[in-house]
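Working notes for the structure below.
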Amino acid sequence: AQKITQTQPGMFVQEKEAVTLDCTYDTSDQSYGLFWYKQPSSGEMIFLIYQGSYDEQNATEGRYSLNFQKARKSANLVISASQLGDSAMYFCAMREGSNNNDMRFGAGTRLTVKP
Amino acid sequence: ETGVTQTPRHLVMGMTNKKSLKCEQHLGHNAMYWYKQSAKKPLELMFVYNFKEQTENNSVPSRFSPECPNSSHLFLHLHTLQPEDSALYLCASSPTWTGPSAAYGYTFGSGTRLTVV
């Protein structure tokens with residue numbers, strides 16, 4: 001069964017505007033972690049932000065914030081003030097406490113920032 | 001330059017060749033991973049090593065053979081591959097998960113782009 005779902009294969013955003021990338025997840029664990037990664041064309045996966053299942057506040061890291069809605073099992077990434085360098089693939093991932101050796105990834109969203 | 005280094009960056013090999021991918025990290029992490037990233041598919045976990053011991057093998061064909069001589073190095077030995085094995089192979093490392101909701105994201109290398117002809 002798909003654990004991580006990213007329903008947007010591609011997204012466009014105007015430079016300097018904010019954009020939200022969707023992610024929903026499926027788990028029966030109480031303890032889990034949610035992650036977002038950025039993959040530019042070079043191939044490297046860059047860690048952006050983390051949200052723990054017990055964290056009550058939404059995570060923020062600079063221009064990145066994670067809109068965590070636990071009851072809906074969603075963990076959307078919000079990028080504020082988009083820059084041209086933000087154009088990349090973005091992956092949502094989850095690591096469950098009961099199977100912590102296996103980080104599951106979604107299919108990804110390709111974000112293109114337009115000048 | 002990330003803390004995880006993968007070599008080579010690109011590899012083209014015939015179906016009868018034998019080659020190896022190398023991954024190295026000096027971050028003090030105890031867990032290392034191989035992932036396969038094919039076009040239009042989610043990343044697939046292949047192997048997991050914790051403290052040099054293999055703890056996960058996600059039904060990977062035997063033509064892929066991992067080796068972890070120490071906590072800093074991880075290899076993926078390849079032999080008699082098929083064209084459908086062409087993909088980006090990513091290595092990652094992390095501290096071993098030690099508690100609930102541990103914020104231990106993975107550090108990835110830049111990957112090896114493998115083409116099987």
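The values are calculated or read from the model by the stated rules, or taken from the named source; none is laboratory data. Quick caveat: nothing in here was measured; it's all calculated off a predicted structure. Because the Cβ atoms are built from the backbone with ideal geometry, glycine has one as well, and the counts that use them run over all protein chains shown. In case anyone asks, the SASA skips ligands and DNA or RNA and just uses the protein heavy atoms, side chains included. Shrake-Rupley method; radii C 1.70, N 1.55, O 1.52, S 1.80 Å.
Computed over the alpha-carbon pairs of chain B, the distance histogram in 10 Å steps reads 14, 48, 31, 6, 1 percent, short to long.
Normalised by 2.2 N^0.38 Å, with N the number of residues, the alpha-carbon radius of gyration of region A:6-92 equals 1.08.
With each label modelled as a point 7 angstrom along the Cα→C-beta vector, the B:L27-B:S72 pair spans 1.6 nm. Within 10 Å of the Cβ of each residue in A:45-56, the mean number of Cβ atoms contributed by other protein chains is 4.
Too long at a 20 Å Cα-Cα cut-off: which of A:K16/A:K73; B:K22/B:K52; A:K38/B:K22? Before the final figure, lay out each step's value.
Numbers: A:K16/A:K73 29 Å; B:K22/B:K52 15 Å; A:K38/B:K22 23 Å.
Checking Cα-Cα distances, A:K16/A:K73; A:K38/B:K22 exceed 20 Å.
Loop-located GluC sites (Glu not before Pro) in region B:1-72 (DSSP state not H, G, I, E or B) with no more than 10 neighbouring Cβ atoms inside 10 Å: B:E1.
Straight-line cross-link reach from A:K114 at under 16 Å between alpha-carbon atoms covers these aspartates and glutamates, not counting any fewer than eight positions away in the same chain: A:E15, A:E17, A:D86. Our summary gives region A:16-59 a relative contact order of 31 percent, counting only alpha carbon pairs under 8 angstrom and 6 or more residues apart.
Residues A:Y50, B:Y106 ordered from highest to lowest accessible area at a 1.4 Å probe: A:Y50, B:Y106. Taking Lys and Arg as +1 and Asp and Glu as -1, the other residues whose beta-carbon sits under 12 Å from that of B:F47 total -4. In the protein assembly as shown, a dipole from Cβ-located charges (positive for Lys and Arg, negative for Asp and Glu) runs towards its positive end, and of A:M94, A:N67, B:N58 it is B:N58 whose Cα lies farthest in that direction.
When B:T55, B:T107, B:T16 are compared by accessible area of protein heavy atoms, the largest-first order is B:T16, B:T55, B:T107, using a 1.4 Å probe. Between B:P95, B:P83, B:P61, the GNM of chain B built on Cα springs shorter than 10 angstrom shows B:P61 fluctuating the most.
Each residue was assigned an accessible area with a 1.4 Å probe, and for B:K19 the value is about 90 Å².
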